[in-house]
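**Student:** Following this message is one structure expressed as structure tokens.
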Amino acid sequence: MRKSTPAEADIGAKLAGIELRNPIMLASGILGETGELLLAAHRAGAGAVVTKSIGLDPRDGNKNPTIHQSGRCMLNSMGLPNPGIKEFSKEMKVLEGSGAVVIGSIFGAKTQDFASLAKKMEDYGASAIELNLSCPHARGYGAEIGSNPATVRNITAGVAASVDIPVFAKLTPNTRDIASLGLAAEEGGASAVVAINTIKAMAIDPRIRKPVLSNKYGGLSGPAVKPVGLRCVYELYEALSIPIIGVGGISDATDIAEYMMAGASAVQVGTVVQSCGLEVFSKLNESLKAFMSEEGFKNLSQMRGIAHG
Ligand code: RRO
């Protein structure tokens, strides 16, 4: 007797009204800041691509060394290098008409900066805005402002009032209570939260007897941070009503399943793309479908949050 093969699992996702062909996005800041690379990630199978965080003015970023690789983990202190929002229109033009779902990541020091950056990103054709409230090592930006729930609420509300596209708040894990940051974003009108950004960390060169990175501190990413990301997504799922995008240490389909079972509606990948290349998107898509078929899941929503009591 012939064994019937199970129907292929549906990995399409809908997030804040945006249709995604699959839930696996390219995380912000991976592969640089050019439109060509974002387009390449789309063509390689990414469900959406997030731009490098863009600010009002051009920035060179920190002096080298800005990256330290340790096994499959990575420490970075890029320092928000970007061409500035005006110049970035050229990169966004490259993506026009490509069918890519582009999420415009922005950073600023205050609500007004975020609001005007978001408006520009919307004009450039972004499908959603990702607020960087979580870079762990940038003075005056990122986690320095995004660790305070009132600031998160104000910035999110200011941006939500200035654009018609969904606003996602990317949260820091470098906090005692990530759920209160998520709730503040939700109260401010965020359509989703993204968790997590990198974890503040450092490396020391024992021969030179000094920190490796010129900035001393950097953000840790890669497989070592996955348990922290999962815990954050799990806590956010218990507290929030809006969707969660899980990020941190994903390198295979079971990692994605773990994030979904913790409560994520979609995920982002970064360090694995740096180490394995863009082919990882099609591999993850296929292995996610295979995992779901083996485990009897027909679609993503059947997995979402099932690790909760
Ligand atoms: O540019 C960076 O150094 C950087 C940013 Br904006 C961020 O959000 N997270 C990170 O690890 N590095």
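**Student:** Would you check if Val159 is in contact with a strand residue (DSSP E or B) (Cβ under 7 Å, 6 or more places away or on another chain), crowded, with 23+ Cβ neighbours inside 10 Å, more than 30 Å from Pro223 (Cβ to Cβ) and at pLDDT 95 or above?
**Tutor:** Criteria met by Val159.
**Student:** While we're looking at this one, here's another question. Report, ordered by the first and then the second residue, all pairs with beta carbons closer than 8 Å, sequence separation of six or more or different chains, a first member in segment 39-53 that is closer than 23 Å to Ala118 by Cα and touching a residue at least 40 places away in the same chain (Cβ under 8 Å), and a second member that is aromatic (Phe, Trp, Tyr) and within 16 Å of the ligand (Cβ to nearest atom).
**Tutor:** Thr51/Phe88; Ser53/Phe107
**Student:** Do any strands (runs of 3 or more DSSP E) entirely within segment 20-86 hold 1 or more residues that are within 22 Å of Ala169 (Cα to Cα), and if so, which?
**Tutor:** Of the strands (runs of 3 or more DSSP E) lying wholly inside segment 20-86, those with at least 1 residues that are within 22 Å of Ala169 (Cα to Cα) span 24-26, 48-50, 73-76.
**Student:** Something else now. If you scan segment 252-280, which residues turn out to be under 19 Å from Met303 (Cα atoms), in a helix (DSSP H, G or I) and free of Cβ contacts under 8 Å to residues at least 60 places away in the same chain?
**Tutor:** If the condition is that a residue be under 19 Å from Met303 (Cα atoms), in a helix (DSSP H, G or I) and free of Cβ contacts under 8 Å to residues at least 60 places away in the same chain, then Ala253, Thr254, Asp255, Ala257, Glu258, Tyr259, Met261, Ala262 are the ones that fit.
**Student:** Continuing with this model, one more query. Can you tell me which residues in segment 92-111 are away from the ligand (no atom under 14 Å from the Cβ), more than 18 Å from Ala157 (Cβ to Cβ) and not polar (S, T, N, Q)?
**Tutor:** Met92, Lys93, Val94, Leu95, Glu96, Gly97, Gly99, Ala100, Val101, Val102
**Student:** To continue, here is another question. Please count how many residues of segment 122-151 are within 15 Å of the ligand (Cβ to nearest atom) and either buried (at least 19 other Cβ atoms within 10 Å of the Cβ) or of a type in the set (Ser, Thr, Tyr) (or both).
**Tutor:** The total comes to 16.
**Student:** Let me ask something else about it. I'd like to know if segment 290-301 contains one or more residues that are within 19 Å of Ala16 (Cα to Cα), buried (at least 19 other Cβ atoms within 10 Å of the Cβ) and free of Cβ contacts under 8 Å to residues at least 40 places away in the same chain.
**Tutor:** Within segment 290-301 (the criterion being within 19 Å of Ala16 (Cα to Cα), buried (at least 19 other Cβ atoms within 10 Å of the Cβ) and free of Cβ contacts under 8 Å to residues at least 40 places away in the same chain), the answer is no, since none of the residues qualifies.
**Student:** Can you give me the number of residues within segment 40-66 that are away from the ligand (no atom under 15 Å from the Cβ) and either under 26 Å from Ile242 (Cα atoms) or surrounded by 20 or more Cβ atoms within 10 Å (Cβ to Cβ) (or both)? Full working, then the answer.
**Tutor:** Here is the first cut: in segment 40-66, the residues away from the ligand (no atom under 15 Å from the Cβ) are 40-49.
Now restrict to residues that are either under 26 Å from Ile242 (Cα atoms) or surrounded by 20 or more Cβ atoms within 10 Å (Cβ to Cβ) (or both): 41-42, 45-49.
Residues that pass the stated criteria total 7.
**Student:** Another one. Which residue pairs have Cβ atoms under 6 Å apart, sit 6 or more places apart or on different chains, and have a first residue in segment 189-202 that is more than 10 Å from the ligand (Cβ to nearest atom) and a second that is aromatic (Phe, Trp, Tyr)?
**Tutor:** Ala192/Phe168; Val194/Phe168; Met202/Tyr217
The values are calculated or read from the model by the stated rules, or taken from the named source; none is laboratory data. From a predicted model like this one, the values you see are computed outputs, not experimental measurements. Ideal geometry is used to build each Cβ from the backbone, glycine not excepted, and the neighbour counts take in all protein chains shown.
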